[in-house]
Each structure stands twice: as C-alpha cells, then as structure tokens.
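**Q** Input: one structure, supplied below.
The values are calculated or read from the model by the stated rules, or taken from the named source; none is laboratory data. This structure is a prediction, so every number in the text was calculated from the model and none was measured. All Cβ positions, glycine included, derive from the backbone under ideal geometry; neighbour counts span all protein chains shown.
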Amino acid sequence: MRQFNVVVLGAGGVGKSALTGTVSSVRFIRDIFVENYDPTIEEEYRRTVNVDGELSSLEVLDTAGAEQFTTLNEVYIKAGKGFVLVFRQVSSAEVDHLRKQIYRIKGGDAQTIPIVVVGTKLDLVNEREVHRNTIQSLASRWNLPFYETSAKRNWHVSEVFEDLLRQMRSRYPKETPKNPKTGKRCIVM
C-alpha cells in the first residue's frame, strides 16, 4: 500500500481541524463532528482509504493557522506530497500567498504539485465573506480544483481528499523495486 503525506494549510479558525481531524472533531479521519474549537499547533492523522479500487494510506498534517506558527509552514511544505488550501474568512490573497509559497519551496506549478482549494463552513451561508464566484474564478485561473465543504454536515469532505489522492498518485507513480545487490530496477518478464 502506498503512503502519501498531505499538508492542510490556511489561516486560524477557517476550519482546517474540523475538515481533517482534531481530537474532538474528526470529520475525515473518524467521521464525527464536535463544535468545540481548540486552536491547533500541529496534529497528524493517518487513514487508509480506498479510492478507485486501490488502497492508500494518507498521513494528514493539520497545521497551525496562528500567525506565530506560520514559519513552520516551510518545513511542512518541504515534507508534503499534496496540499489542501483552506479558507473561510480570509481574503483570496491569503490562499494565493500559500499557493505561491508551495510553488517556491517545491519548485513547481499547478501542473506538477497536487493541490486542492477548499472553502469551509458551506452550511453557514449568511456568514460568507469570500464570494463563491471569486474563489472559483481564482481556482480556475490557478488551474486548481475547488470544493466547498461543511465538516458539520459532512458535505464534500471525502471528495477533497479523493481528488488530492488521485493527483498524488498521478504525480508520484509507483516505483519498481530495486535489486538490493545491484541497485538496479527489478523487471520480471
């Protein structure tokens, strides 16, 4: 089974932990939701998922959104294979900043780095601060998939991680094993 590292980035309070998995609200990892908010510094979760008939292990890193911890993002980005950029009350400039930081650190662009843009708290329509068309337009211009989710209602949460997993599988294909004695790839004919 292949393993992929996913890094979830966004400002504080946008719903990263509710989407991925704090101890009290673990929508994607454990499929439950609790309304209490406890600011995250760093949490890591593992989940085995079956997408397109293939099992994969996702190691999901829920990062801190608080300003004093954003310097850690560079370390997280270096280790990540795929990225979920989460927004709610922040401007599109914050999402764009994170996207550019990933490209700078990883040395690529939208065609080479698995990224999904996620708007959270879809169930709170009256509290929307970034209009859907705005972020949809940006995601389209950036050539990145965009999802609106509600961890509370479990709307579109799985789709985010399934899309990202498909991107990572495509970007990082299976390697053929090397012969331990020669260091060359083993090929059976």
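**Q** Can you name the residue in the range 78-97 that is aliphatic (A, V, I, L, M) and surrounded by fewer than 24 Cβ atoms within 10 Å (Cβ to Cβ) and, of all such residues, is modelled with the lowest pLDDT?
**A** Once the filter is applied, the top-ranked residue is Val90.
**Q** Go through the range 29-65 and give me each residue that's polar (S, T, N, Q), modelled with pLDDT under 85 and loosely packed, with under 15 Cβ neighbours inside 10 Å.
**A** The answer is Asn36, and nothing else.
**Q** Tell me which residues, restricted to the range 128-161, are over 20 Å from Asp62 (Cα atoms), free of Cβ contacts under 8 Å to residues at least 24 places away in the same chain and either not hydroxyl-bearing (Ser, Thr, Tyr) or not in a helix (DSSP H, G or I) (or both).
**A** Arg128, His131, Arg132, Asn133, Gln136, Ala139, Arg141
**Q** Find all pairs meeting these conditions: Cβ atoms under 9 angstrom apart; at least six residues apart or on different chains; first residue within the range 164-182 and polar (S, T, N, Q) and at pLDDT 90 or above; second residue surrounded by 10 or more Cβ atoms within 10 Å (Cβ to Cβ) and in a loop (DSSP other than H, G, I, E, B).
**A** Pairs found: Gln167/Ile113; Gln167/Pro114; Gln167/Pro145; Ser170/Pro114.
**Q** For the range 153-167, name all the residues that are surrounded by fewer than 22 Cβ atoms within 10 Å (Cβ to Cβ) and in contact with a Lys or Arg (Cβ under 8 Å, 6 or more places away or on another chain).
**A** Hit for the range 153-167 is Asn154, nothing else.
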